[in-house]
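Below is one structure, written out as structure tokens; comments come after it.
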Amino acid sequence: MIRIDARGVSHLWDGAIGLHPIDVTVGAGELVVVRGRSGSGKSTLLALLAGLCDTQSGTVAVNDRAPALDTPWTSIALVPQVLALAIELSVGENVTDSAPHRTPAEIRAVLELLDVDDLAQRTIAEISMGQQQRVAVARAIAAAPAIILADEPTSFQDDVHTGTVVQALRASAAEGSGILVATHDAAVISAADRVIDVVPR
């Protein structure tokens with residue numbers, strides 16, 4: 001099953017800056033990396049697929065529908081570069097809020113997978129950026145979504161926890177999620193099923 005099917009999709013923010021036409025497909029159970037230098041449009045691509053901005057050319061179907069802002073997290077879960085965690089909630093509450101259908105034991109298992117289970121009662125302000133980033137990944141994975149869109153999900157991780165994030169993403173793919181990751185990280189790239197190069201013009 002094709003989770004993401006984008007054909008000739010583009011969005012330019014200022015003249016030639018942004019995402020130039022590109023084809024992207026992601027199947028169920030597949031981990032695909034989008035690779036390209038800064039400014040090549042990787043983040044813009046993920047924003048288009050998440051329904052955060054509109055395409056200027058091409059066609060895009062996400063789970064056989066056009067992307068929309070109100071898409072539930074069980075369909076599309078996002079790990080943005082700006083992590084967008086709820087600072088008024090604890091680590092555990094941030095993850096639980098994305099997945100109200102999961103049991104406490106299932107939530108705890110996801111927190112353990114990302115090595116943040118001992119932080120469950122802490123507020124976001126009380127943990128490091130690396131820990132916050134792993135909480136953002138946990139929040140996405142916990143929803144058991146059809147699609148995960150992850151923008152540089154290892155940028156704040158050391159080598160050990162980069163492996164933790166990669167392992168968690170691969171586990172989610174094994175459960176059927178289609179995963180698209182924008183990254184420069186060689187460890188993530190080496191774990192991908194496919195790599196798509198985004199080339200600026």
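Each reported figure results from applying straightforward, stated rules to the coordinates on display, with no laboratory input. Computed from a prediction, not measured in an experiment: that's the story for all the values here. All Cβ positions, glycine included, derive from the backbone under ideal geometry; neighbour counts span all protein chains shown.
Here are the numbers for the structure shown:
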| item | result |
| --- | --- |
| Fraction of beta bridges assigned by DSSP in the chain that are antiparallel (%, nearest 5) | 45 |
| Average Cα contact separation per residue, the chain, under 8 Å, 6 or more apart, as relative contact order % | 31 |
| Taking the C-alpha atoms of region 113-164, convex hull volume expressed per residue in Å³ | 84 |
| Tilt relative to the chain, helix 129-142 - C-alpha long axis, 0 to 90 degrees, to 10 | 80 |
| At 0.692 mPa s and 37 °C, Stokes D of region 2-197 from Kirkwood alpha-carbon radius, µm² per second | 197 |
| Dipole-positive endmost among 164, 105, 13 within the chain (Cβ charges, Cα centre) | 13 |
| By average C-beta atoms within 10 angstrom, highest first, the peptides 42-52, 27-37 | 42-52, 27-37 |
| Residue (of 190, 116, 60) at the positive-pole extreme of the chain, dipole from beta-carbon charges | 60 |
| Listed residue (80, 132, 179) projecting farthest to the positive dipole end of the chain, Cβ model | 179 |
| Spatial extent of region 120-201: Rg and Dmax, with the Cα atoms as the point set, Å | 13.2, 47 |
| Relative counts (whole %) of C-alpha pair distances in region 1-106, using bins that are 10 Å wide | 13, 40, 32, 14, 2 |
| Net +/- balance of residues flanking residue 186 in space, Cβ distance below 14 Å, scoring K and R +1, D and E -1 | -2 |
